[in-house]
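Asker: First the structure, which I've put down as structure tokens, then a few questions once you've had a look.
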Amino acid sequence: MRIRKARITDAEIIAEYNSRLAWETEERRLNLPRVRKGVSALLKDPKKGIYFVAEEKGQVIGQIQITREWSDWRNGNFWWIQSVYVAEEFRQRGVFRSLYAHVHKLARSRRDVCGLRLYVDEHNHRAQQAYERLGMAESNYKFFEIDFVLKAG
């Protein structure tokens, strides 16, 4: 298995994995053409974020997305971990751990990154336990939103 930066040619599988992720974690069906456009937009514009993929024998088997949030309190960027997905047949084989280790190492090597953050569905206990095993801790912050796209249909 190797971890690499995603390419535009990975957009289709990343969009598919994002769709599976939404269904598996929230039982939410996404508009796949919209997701494809969103993934492609990020892959074409590094200011939006970056995807890394885990690849085995030429097949993308997992993914992780990073976006940035500026913290004036810390004078640095938090890297937000998003769109984490591992293909079902490759789970429990260290794929997520490898993706996370890659991102963690990269973040620690940069002076402009002050930490890693992620959000997780409150009912996804399996994922929460995985994050805790990697040394992450639950924050005292709650997450609020107004969704102008998915709520409207």
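The values are calculated or read from the model by the stated rules, or taken from the named source; none is laboratory data. Quick caveat: nothing in here was measured; it's all calculated off a predicted structure. FYI the Cβ positions are ideal-geometry reconstructions off the backbone, even for glycines, and counts take in every protein chain you see. These accessible areas exclude ligands, DNA and RNA; they are computed on the full protein's heavy atoms, side chains included. Shrake-Rupley method; radii C 1.70, N 1.55, O 1.52, S 1.80 Å.
Asker: Can we say ALA101 is within 25 Å of ARG126 (Cβ to Cβ), aliphatic (A, V, I, L, M) and open to solvent by less than 20 Å² (accessible area, probe 1.4 Å)?
Answerer: no
Asker: What's the total number of residues in the stretch 108-153 that are aliphatic (A, V, I, L, M), free of Cβ contacts under 8 Å to residues at least 40 places away in the same chain and in a helix (DSSP H, G or I)?
Answerer: Within the stretch 108-153, residues that are aliphatic (A, V, I, L, M), free of Cβ contacts under 8 Å to residues at least 40 places away in the same chain and in a helix (DSSP H, G or I) number 1.
Asker: Same structure, new question: Within the stretch 1-11, track down each residue that is over 15 Å from GLN65 (Cα atoms) and surrounded by 12 or more Cβ atoms within 10 Å (Cβ to Cβ).
Answerer: Hit for the stretch 1-11 is MET1, nothing else.
Asker: A further question follows. All but one of (1) among the hydroxyl-bearing types (Ser, Thr, Tyr); (2) within 12 Å of the chain's Cα centre (by Cα); (3) open to solvent by 80 Å² or more (accessible area, probe 1.4 Å) hold for SER109, so report the exception by its number.
Answerer: It fails just one condition, (2).
Asker: Taking the residues in the stretch 101-120 that are in contact with a strand residue (DSSP E or B) (Cβ under 6 Å, 6 or more places away or on another chain) and small (Gly, Ala, Ser) as candidates, determine which candidate is farthest from ILE50 (Cα to Cα).
Answerer: GLY115
Asker: Looking at (1) surrounded by 13 or more Cβ atoms within 10 Å (Cβ to Cβ); (2) over 13 Å from the mean Cα position of the chain (by Cα); (3) in a helix (DSSP H, G or I), which is the one condition that is false for GLU55?
Answerer: Going through (1) surrounded by 13 or more Cβ atoms within 10 Å (Cβ to Cβ); (2) over 13 Å from the mean Cα position of the chain (by Cα); (3) in a helix (DSSP H, G or I) one by one, GLU55 breaks only (3).
Asker: Only residues that are of a type in the set (A, V, I, L, M, F, W, C), within 13 Å of the chain's Cα centre (by Cα) and under 16 Å from ILE50 (Cβ atoms): list them for the stretch 72-100, please.
Answerer: TRP79, TRP80, ILE81, VAL84, LEU99
Asker: Any residue at all in the stretch 23-32 that's under 16 Å from the mean Cα position of the chain (by Cα), at pLDDT 95 or above and either within 24 Å of ALA101 (Cβ to Cβ) or surrounded by 17 or more Cβ atoms within 10 Å (Cβ to Cβ) (or both)?
Answerer: Scanning the stretch 23-32 turns up no residue that is under 16 Å from the mean Cα position of the chain (by Cα), at pLDDT 95 or above and either within 24 Å of ALA101 (Cβ to Cβ) or surrounded by 17 or more Cβ atoms within 10 Å (Cβ to Cβ) (or both).
Results for (1) at pLDDT below 95; (2) under 24 Å from ASP10 (Cα atoms), shown as yes or no for each residue.
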site	(1), (2)
TRP73	no, no
GLN92	yes, yes
LEU99	no, yes
LYS105	no, yes
CYS114	no, no
HIS123	yes, no
PHE143	yes, no
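Asker: With the requirement that a residue be of a type outside the set (A, V, I, L, M) and assigned to a helix (DSSP H, G or I), what does the stretch 58-98 give you?
Answerer: The answer is GLU88, GLU89, PHE90, PHE96, ARG97, SER98.
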